[in-house]
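Here is the structure we will look at, set down as structure tokens.
The values are calculated or read from the model by the stated rules, or taken from the named source; none is laboratory data. Bear in mind the structure is a predicted one, so any value in this text is a computation, not a measurement. Positions of Cβ are backbone-derived with ideal geometry, glycine not excepted, and every protein chain shown enters the neighbour counts. Ligands, DNA and RNA are stripped out before the accessible areas are found, and what is left, the full protein with its side chains, is counted by its heavy atoms. Shrake-Rupley method; radii C 1.70, N 1.55, O 1.52, S 1.80 Å.
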Amino acid sequence: MRRHEVVVVGAGLAGQRAALAAVEAGRDVAVVSKLHPLRSHSGAAQGGINAAVGAEDSIDTHIYDTVKGSDYLGDQDAIEFFCREAGPTVVEMEHFGTIFSRAPDGSLARRPFGGAGFPRTIYAADRTGLALLQAIWERLATEATRFTLYQEWDLTRIVVRDGKVQGIVAFDRKNGRFEGIAAPAVVIATGPSGRIYARTTNAHSCTGDGVAAAYEAGALLKDLEFVQFHPTALLDSGILITEGARGEGGILKNSKGERFMSKYAPHVLDLASRDVVSRAIVTEVSEGNGFEGGFVHLELMHLGKERIESRLQEICDFCRNFAGIDPVTQPIPVYPAQHYMMGGIGTNAKGETSVPGLFAAGEAACVSIHGANRLGGNSLLETLVFGKQAGIAAAAFAAQAAGRPTVTDSDVDASQAPIRAMMARDHGEDPAQLRAEMQATMERYVGIYRNDADMLEGIKRIRALKQRYANVRIVDRSQVYNLNLTDALEVGHMLELAEAIVVGAYARTESRGAHSRIDYPKRDDARWMRHTLARKGPEGPELSYSPVAYTRWEPKERVY
Amino acid sequence: MRIAYYPGCVAQESGRELDLATRWVAKALGIELVEFPNFSCCGSGFVDEANLTLNVAINARNLGIAERAGLDVLTVCSTCQGMLTLANHRLEDPAMRARVDPALAKIGVPYRGTVKVKHLLEVLTSDIGLDAVKARVRRPLAGLKVGAFYGCHLLRPGAEAGFDSPEEPHTFEDLLSAIGAEPVMYRGRVMCCGFPILFVKPETANRIAGRQIADAKDHGAHAMATPCPLCHISLDSFQNKAQAVVGRDLDMPVFHLPQLVALAFGATPDEIGLSRHLVPTGPALARVAPSAGASPSA
Amino acid sequence: MAVAKTLEAPIEVYRFEPGKDAKPHYDRYTLTVEPHTPVLTALLRIRTELDPSLTLRYSCRSSICGSCAMQINSKSRLACQTPIGPEIEKHGRLVVEPMRNQPVLRDLVVDQASFWKHYDRIEPHLKLDPRHPMPEGKPNPMTPAEVARFYETPRCIACAACYSACPAVEADADFPGPMALAKLYRFVVDPRDQAHQDRLVRIQTDGLWLCLRCHLCTEACPKDVRPSERIRDLKELAIAAQGGTEPGSRHAIGFKENIRERGQLQEMKLVRQSDGVGGMLAQAPQGLRLWRKKPEIAKKPRAIDDLDQLEALYRELDAPPRDDS
């Protein structure tokens, strides 16, 4: 058994920032990640990071925009803290070495973003996530003697005994060995779980392993039903076409050649908020105004070759490399895709979960600051602000922890035995098949528009898949880099989360932010101004609710 | 056609056989080589490491001399080709222009940027054309399996070189086929010969050369051919060293590109300086199937 | 949208598990794909439809995570960014193999330890000097022009395609590889870094001069970082910082001075300039061997016409050579 004081699972921006904070607090830290830290999905973020540092801007405006964007489901105390930390966080990342784009006077350049009152989004060209990820890794790696990196290790469980965290069990892809890592404090920063859906902008690795493990370990998950769909993803691959494409003047058209956004958002047209545009596209396609195969066109051609190639260089590359489309001469086929999970492991602003010793940060967590809908530019900021808080809190917890946590052989075996059984089967379910059916189910029954009957069907289907999962089979018996094994583990994790998403969504009989019900089209503050909490029970998720924290902003109708 | 002949340093010194063969081929095809005794060294990929601006200026001067005469430039060396071409591209940068132009003005050799730099391989395959080359063949090199070895700077960086595919070229093999030889495909044909570090870490340079030669040999080549005299130094002049480092006998004759063309056109080994090679070329030539006309020997 | 034609793609994939398999073999699969279908998509379809034991690294499928570099028809490429159609059109086949220059763990997955070791060795982080602290509570000012100097290098996604393509890495374990050197360049031109001089001095003896300038890295790079160009930049900066202290920098400076004299390379003299007298002696047997076949190497070449023009360029554009003694 290995032993550390703080184990951080996930090495994207949130995990690395947590690890750095814990290292700086003097703790012995382990960083466990199924990817090399520089390959984390944080690097895929393009747009930027919000901080109200401009002379004309104010922290209060950032707070207000975030509260309003959340459709009043965000906790205002956490949002205030979050927005106040924005400036120092960006400065710290600049000091760590981030190469931000600059204004002519040498200050950090800022660009306008959806839902924000001022140009508030600080950026590094169109690769802000990568720039931040490089800088945080460069900084953290200077502490290499003070932490241990378990690279390409997969988390299988969080061990909790007597209500206290004991550590984790994980396996090393390189040799297939399952090992216990004991620690009094564990930080989950495993990022997104978008692969629950068929169409997602997320990386293949975004399977919610840490969220599922926390759920399994008894932690409360919060607000899982709020799933953000980005309106413009490439048709086949789901690769993101940034909002910037419409910002530059790109327009959406249906198969009749109509600029259909004029029907849905007559004032801001194609630049309406993400949930509005996504719903418009789905409506067009379902009413027969889509192209064959079910999509609409994003047209850039009228912008001209020079402008497209200079301002939207990455988009050009994506279209040409991944869709065989030249946006200079051809429309881009797009359809909404899952993009971001507002929900996750419930935490407070210190990253504490409902389980003592268990902490969470980043997209895996739900503080909540995004509420029912996240604003662009707030997710990168969230990873760093709350990653740091979780690291500080975990380090403090570990420093004061009484007793000696242990991960026993039987804890390890509890993870390993099911795998052995999956490998021993001569017949059984193919994990890839189960994954495909889960993804199709979530897409069809718990997508952008939801209703009672669909979600009931979704619950039924996901539960049927869970039953079939009990007989899943791993065909590949190798101990080395066994991806078939990884597939099986990940599908198991995602099925648990899928069930919690759909059960929570079914229960919430209103429309708010990204949760949009045809049968309950209005926001219902009297009944639903509260967070959904899901605990894993013997029969599936058991729901409870908690109040939203208010400070200064009264709920209003959300109009842009 | 008329073209400014830029032989480069090595073809005028240790690689004179390359110059001999080039003149032979040019004459045979009616290419008029216009000589400029004021051309200087291209910098060879070393001067720019010490001073890029100076190197660009040196080559801008070379190109300016050709521009004044209204001629494009013919090179017979992948490195000269690469350095002159890169200079053309680097001069598109206004900041570089601003540094180089005043110096050129001082020496009275301005350069507007209009000269195209062409390697002999390009001239043969594009300007003359493979049909015309084929028509001139008197003694097809049938039976001779040849591994073309391109030399990096002819091909790369591809965005600037703009000649053939930077990683999967075919023109040299096309030319070899046109003169009756059988081209051998092998990975090493687009790799480095090791020359650039021959004076930095000879053993590594020799190992790199040895690997490419061994690769050609393992794919059945009887001989190699190169459009670059620097590659020739590494592959031929230092083959004994390469052999020692890779620990196997290589015995690989290495021809300069125009030597093989000249042979197919009917040149004698003496006319193209084959005796100057370190690795004897005779065994390779003995493989050429006899045809009407004299059988070559060296 | 035009309906894309499909094609039957024969895909040959390298399979090997060291310690279990005696030697590598290739499995052949046939898939119906569209010409623009990326190789990664095909490999993932093989995993889900035909053979779940096929092993590779992948994550983002949009050329930002750097996981899926491999050899595609012998070229080092990101599988997610390489469409199948043109490969089949050009080669009639699609051969997928692991990256080179790194030992295979299984199938298409390689052990990247040496790649990361070289990356770590260049100390890839801002080095600060307590005498020049960062501005408190404020970002460092930096102009767009300063950022433009290293605009390309932060695009690097550490995919190691350059490392796989590099013949110097293949031949010499001391060479840090293109990615590490491009990353070093990024720090050497970063105005916030306080260790430019130290970094440049150290890299002179740490493999900088083993770069062959073959530009294979620049062709392999999926993000247009152009590592070979950044390495050239580093060499010039290293010479400016320290002069010719190593065989490589001595050679570059020696070459520059060599052709200044006659406008043409003086081959024998160059050996002395680069290797010194000791090197000359070491090279003597080889020199003699060459001299027998090519006697002119011992003679001075003619001087070019208008040599004064060249001299004028040197005077205008080249600072006086440093004293290296």
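Considering only residues that are open to solvent by less than 20 Å² (accessible area, probe 1.4 Å), at pLDDT 95 or above and not in a helix (DSSP H, G or I), which ones fall in segment A:33-48?
A:S33, A:H36, A:S40
Tell me, please, whether a residue that is assigned to a loop (DSSP other than H, G, I, E, B), open to solvent by 30 Å² or more (accessible area, probe 1.4 Å), of a type outside the set (S, T, Y) and more than 11 Å from every other protein chain (Cβ to nearest Cβ) can be found in segment C:6-16.
We begin by selecting, within segment C:6-16, every residue assigned to a loop (DSSP other than H, G, I, E, B); these are C:6, C:16.
Adding the requirement that they be open to solvent by 30 Å² or more (accessible area, probe 1.4 Å) leaves C:6, C:16.
Now narrow it down to the ones that are of a type outside the set (S, T, Y): C:16.
Cutting the leftovers down to more than 11 Å from every other protein chain (Cβ to nearest Cβ) gives us none.
No.
Condition first: farther than 21 Å from B:Y186 by Cα, in contact (Cβ under 8 Å) with a residue 60 or more places away in the chain and open to solvent by 10 Å² or more (accessible area, probe 1.4 Å). Now tell me which residues in segment B:121-151 satisfy that.
Result: B:D127, B:I128, B:A132, B:R136, B:V137, B:R138, B:R139, B:P140.
Being touching a helix residue (DSSP H, G or I) at 6+ places or on another chain (Cβ under 7 Å) and either on the phi > 0 side of the Ramachandran plot or of a type in the set (F, W, Y) (or both) is the filter here; which residues of segment A:482-524 pass it?
A:Y506, A:G513 - these are the residues of segment A:482-524 that are touching a helix residue (DSSP H, G or I) at 6+ places or on another chain (Cβ under 7 Å) and either on the phi > 0 side of the Ramachandran plot or of a type in the set (F, W, Y) (or both).
Looking only at segment B:245-277, count how many residues are open to solvent by 10 Å² or more (accessible area, probe 1.4 Å) and either away from chain C (no Cβ under 11 Å) or touching a Lys or Arg at 6+ places or on another chain (Cβ under 6 Å) (or both).
As a first pass, look at segment B:245-277 and keep what is open to solvent by 10 Å² or more (accessible area, probe 1.4 Å): B:245-249, B:251, B:266, B:268-271, B:275-276.
Going one step further and asking which of them are either away from chain C (no Cβ under 11 Å) or touching a Lys or Arg at 6+ places or on another chain (Cβ under 6 Å) (or both), we end up with B:245, B:247-249, B:251, B:266, B:268-271, B:276.
Residues meeting the conditions: 11.
Consider only pairs whose beta carbons are under 7 Å apart and that are at least six residues apart or on different chains; among these, list those whose first residue lies in segment A:261-273 and is of a type in the set (S, T, Y) and whose second residue is open to solvent by 60 Å² or more (accessible area, probe 1.4 Å).
A:S273/A:Y560
What number of residues within segment A:218-241 are open to solvent by less than 10 Å² (accessible area, probe 1.4 Å) and part of a strand (DSSP E or B)? Steps first, answer last, please.
Within segment A:218-241, the first condition is being open to solvent by less than 10 Å² (accessible area, probe 1.4 Å), and the residues that meet it are A:219, A:221, A:223, A:225-228, A:230-234, A:238-239, A:241.
Now drop any that are not part of a strand (DSSP E or B), which leaves A:221, A:227-228, A:230-234.
Going through segment A:218-241 one residue at a time, the tally reaches 8.
Can you pull out the residues in segment A:428-444 that are more than 14 Å from every other protein chain (Cβ to nearest Cβ) and buried (at least 22 other Cβ atoms within 10 Å of the Cβ)?
Pass one, segment A:428-444, residues more than 14 Å from every other protein chain (Cβ to nearest Cβ): A:441-444.
Result: A:T441, A:M442.
So in segment B:199-213, with the set limited to residues that are more than 7 Å from every other protein chain (Cβ to nearest Cβ) and crowded, with 24+ Cβ neighbours inside 10 Å, which one is farthest from C:T205 (Cα to Cα)?
Among those residues, the one meeting the criterion is B:I213.
Which of the residues spanning segment C:209-240 are under 22 Å from C:L126 (Cα atoms) and more than 10 Å from chain B (Cβ to nearest Cβ)?
Residues satisfying the conditions are C:V225, C:P227, C:R230, C:L237.
Which residues, taken from segment A:326-339, are open to solvent by less than 10 Å² (accessible area, probe 1.4 Å) and of a type outside the set (S, T, N, Q)?
A:P327, A:I332, A:P333, A:V334, A:P336, A:A337
Mind listing whichever residues of segment A:456-476 are aliphatic (A, V, I, L, M), crowded, with 16+ Cβ neighbours inside 10 Å and under 15 Å from A:P418 (Cβ atoms)?
Listed by number, the residues that qualify are A:V472, A:I474.
Restricting to segment C:84-115, count the residues that are in a strand (DSSP E or B), in contact with a strand residue (DSSP E or B) (Cβ under 6 Å, 6 or more places away or on another chain) and within 13 Å of chain A (Cβ to nearest Cβ).
Count: 2.
Got a sec? Which helices (runs of 4 or more DSSP H) wholly within segment C:118-183 have at least 1 residues that are of a type in the set (A, V, I, L, M) and surrounded by fewer than 24 Cβ atoms within 10 Å (Cβ to Cβ)?
On the way: elements: C:144-149, C:161-165, C:167-171.
Counting at least 1 such residues, we get C:144-149.
Quick one: count up the residues across segment A:285-302 that are out of contact with any Lys or Arg (no Cβ under 9 Å at 6 or more places or on another chain) and at negative phi.
9
Could you say whether any residue in segment C:207-219 is farther than 21 Å from B:N206 by Cα, in the same structural domain as C:A148 (by TED's automatic domain parsing), under 12 Å from the mean Cα position of the chain (by Cα) and open to solvent by 30 Å² or more (accessible area, probe 1.4 Å)?
Within segment C:207-219, one or more residues are farther than 21 Å from B:N206 by Cα, in the same structural domain as C:A148 (by TED's automatic domain parsing), under 12 Å from the mean Cα position of the chain (by Cα) and open to solvent by 30 Å² or more (accessible area, probe 1.4 Å).
Suppose we filter C:V201, C:V225 for residues that are aliphatic (A, V, I, L, M), touching a residue at least 24 places away in the same chain (Cβ under 8 Å) and open to solvent by 10 Å² or more (accessible area, probe 1.4 Å); which single one remains?
Values: C:V225 fails: open to solvent by 10 Å² or more (accessible area, probe 1.4 Å).
From the options C:V201, C:V225, the qualifying one is C:V201.
Just to confirm my filter: which helices (runs of 4 or more DSSP H) fall fully inside segment B:20-133 and include at least 1 residues that are aliphatic (A, V, I, L, M) and within 19 Å of the chain's Cα centre (by Cα)? First the steps, then the outcome.
Numbers: elements: B:47-50, B:52-68, B:78-90, B:94-107.
Answer list for segment B:20-133: B:52-68, B:78-90.
Considering only segment B:20-52, state which residues are within 17 Å of C:Q266 (Cα to Cα) and either open to solvent by less than 30 Å² (accessible area, probe 1.4 Å) or of a type in the set (D, E) (or both). First the steps, then the outcome.
At the first step, the residues of segment B:20-52 found to be within 17 Å of C:Q266 (Cα to Cα) are B:37-47.
B:N38, B:F39, B:S40, B:C41, B:C42, B:G43, B:S44, B:G45, B:F46, B:V47, listed by residue number.
Going by what's in this entry, would B:P229 be described as modelled with pLDDT of 95 or more, of a type outside the set (D, E, K, R), closer than 16 Å to C:K293 by Cβ and touching a Gly at 6+ places or on another chain (Cβ under 6 Å)?
Yes.
Restrict the check to segment C:164-178 and report whether at least one residue is touching a Pro at 6+ places or on another chain (Cβ under 7 Å) and either at pLDDT below 95 or within 26 Å of C:L108 (Cα to Cα) (or both).
The first filter runs over segment C:164-178 and keeps only residues touching a Pro at 6+ places or on another chain (Cβ under 7 Å), leaving C:166, C:178.
In the following step, the residues that additionally are either at pLDDT below 95 or within 26 Å of C:L108 (Cα to Cα) (or both) were identified as C:166, C:178.
There is at least one residue in segment C:164-178 that is touching a Pro at 6+ places or on another chain (Cβ under 7 Å) and either at pLDDT below 95 or within 26 Å of C:L108 (Cα to Cα) (or both).
Run down A:A399, A:A421, A:A394, A:A417 and say which single residue is hydrophobic (A, V, I, L, M, F, W, C), assigned to a helix (DSSP H, G or I), buried (at least 18 other Cβ atoms within 10 Å of the Cβ) and away from chain C (no Cβ under 14 Å).
A:A394
Would you check if there is a residue in segment C:68-83 being in contact with a His (Cβ under 8 Å, 6 or more places away or on another chain) and either within 14 Å of chain A (Cβ to nearest Cβ) or closer than 21 Å to A:T200 by Cα (or both)?
Taking segment C:68-83 and keeping what is in contact with a His (Cβ under 8 Å, 6 or more places away or on another chain), we get C:73, C:83.
Checking the rest, the ones that are also either within 14 Å of chain A (Cβ to nearest Cβ) or closer than 21 Å to A:T200 by Cα (or both) come to C:83.
Within segment C:68-83 (the criterion being in contact with a His (Cβ under 8 Å, 6 or more places away or on another chain) and either within 14 Å of chain A (Cβ to nearest Cβ) or closer than 21 Å to A:T200 by Cα (or both)), the answer is yes, since at least one residue qualifies.
Would you confirm, using the coordinates I've provided, whether A:G97 is on the phi > 0 side of the Ramachandran plot and either in contact with a Leu (Cβ under 8 Å, 6 or more places away or on another chain) or among the aliphatic types (A, V, I, L, M) (or both)?
yes
Among the numbered criteria (1) open to solvent by 10 Å² or more (accessible area, probe 1.4 Å); (2) under 30 Å from A:A14 (Cβ atoms); (3) in contact with a helix residue (DSSP H, G or I) (Cβ under 8 Å, 6 or more places away or on another chain); (4) in contact (Cβ under 8 Å) with a residue 60 or more places away in the chain, which single criterion is violated by A:A213?
All conditions are met except number (1).
Regarding segment A:276-299, can at least one residue be identified that is in contact with a Phe, Trp or Tyr (Cβ under 9 Å, 6 or more places away or on another chain), among the charged types (D, E, K, R) and more than 13 Å from chain C (Cβ to nearest Cβ)?
yes
If we keep just the residues of segment C:244-270 that are at the interface with another protein chain (Cβ under 7 Å from one of its Cβ atoms) and outside any helix (DSSP H, G or I), which is farthest from C:A303 (Cα to Cα)? Don't jump to the end; show me each part of the working.
Start the filter on segment C:244-270 by keeping residues that are at the interface with another protein chain (Cβ under 7 Å from one of its Cβ atoms), which leaves C:247-248, C:251-253, C:255-256, C:259, C:263-265, C:267.
Okay, now just the ones that are also outside any helix (DSSP H, G or I), so C:263-265.
Details: C:G263: 6, C:Q264: 7, C:L265: 10 Å.
If we take residues in segment C:244-270 being at the interface with another protein chain (Cβ under 7 Å from one of its Cβ atoms) and outside any helix (DSSP H, G or I), then C:L265 is farthest from C:A303 (Cα to Cα).
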